[in-house]
Amino acid sequence: MSAISTKGRMHFMVFTESFDAKAMCRFLDRLAGHFDHKVHLIVDRHPAHRSKTVRTWLADHKDQIELHFLPSYSPEPNPDELVNADLKRSLPHTHRARNQAEPATETRRFFHHRQRRPHIVRGYFGGPHLRYILDE
């Protein structure tokens, strides 16, 4: 899971369990801890994002994070979809993972690599369907 900004920042969390409200709240906790101002996070309408657990977490942290939802069935305006596509392209395709730890390690490697290249992260906002104003 990742969160990216138009300034080229990337925050991520790699996990091997299913993505659910509990995983989302862990990510929100981590994300909130990185900032001293309110974070506005644009998310899709995944059930975990809209769950009662996440809504309760958000109500308890309303000064730290606010979610804004994309329209249903519209992956095009979501720059994080470009991150996912980039990740899939970067993973080794000729090697079959021997355990769950291998893909998690490769995923972490990818995200750490991207964190050190803010120009690439900013580029995720340049897709033809994205209409974000880049903060300079």
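The values are calculated or read from the model by the stated rules, or taken from the named source; none is laboratory data. None of these values were measured; they are calculated from a predicted model. Glycine also receives a Cβ, built like all others from the backbone with ideal geometry; neighbour counts cover every protein chain displayed. Note: areas computed on protein heavy atoms with side chains; ligands, DNA, RNA excluded. Shrake-Rupley method; radii C 1.70, N 1.55, O 1.52, S 1.80 Å.
Things to note:
- Residue count, region 98-127 (criterion: touching a strand residue (DSSP E or B) at 6+ places or on another chain (Cβ under 7 Å) and of a type in the set (A, V, I, L, M, F, W, C)): 2
- Test: residue in region 66-75 that is at negative phi, within 17 Å of the chain's Cα centre (by Cα), modelled with pLDDT under 85 and not aliphatic (A, V, I, L, M): yes
- Every residue from region 43-73 that is surrounded by 12 or more Cβ atoms within 10 Å (Cβ to Cβ), assigned to a loop (DSSP other than H, G, I, E, B) and either of a type in the set (S, T, N, Q) or in contact with a His (Cβ under 8 Å, 6 or more places away or on another chain) (or both): Ser51, Gln64
- Applying the condition of being under 20 Å from Leu70 (Cβ atoms) and not hydrophobic (A, V, I, L, M, F, W, C) to region 10-42 and asking which residue is most open to solvent (accessible area, probe 1.4 Å) yields His40.
- Residues that are under 29 Å from His119 (Cβ atoms) and either among the small types (Gly, Ala, Ser) or not in a strand (DSSP E or B) (or both) within region 1-22 comprise Met1, Ser2, Ala3, Ser5, Thr6, Lys7, Gly8, Arg9, Met13, Val14, Phe15, Phe19, listed in sequence order.
- Where a residue in region 115-127 is farther than 16 Å from Phe12 by Cβ and its partner, wherever it lies, is in a helix (DSSP H, G or I), with Cβ under 7 Å and at least six apart: Phe125/Pro79; Gly127/Pro79; Gly127/Leu82
- Residues that are of a type in the set (Gly, Ala, Ser) and farther than 14 Å from Ser51 by Cα, drawn from region 18-36: Ser18, Ala32, Gly33
- Hey, Ser18 at pLDDT below 95, farther than 16 Å from Ser2 by Cβ and small (Gly, Ala, Ser) or not: yes
- Among the residues of region 74-89, those that are assigned to a helix (DSSP H, G or I), open to solvent by 60 Å² or more (accessible area, probe 1.4 Å) and either in contact with an Asp or Glu (Cβ under 7 Å, 6 or more places away or on another chain) or within 18 Å of Met13 (Cβ to Cβ) (or both) comprise Glu81, Lys88.
- Close pairs from region 52-79: first closer than 13 Å to His40 by Cα, partner open to solvent by 70 Å² or more (accessible area, probe 1.4 Å) and among the hydrophobic types (A, V, I, L, M, F, W, C), Cβ under 6 Å, at least 6 apart: His68/Ile42
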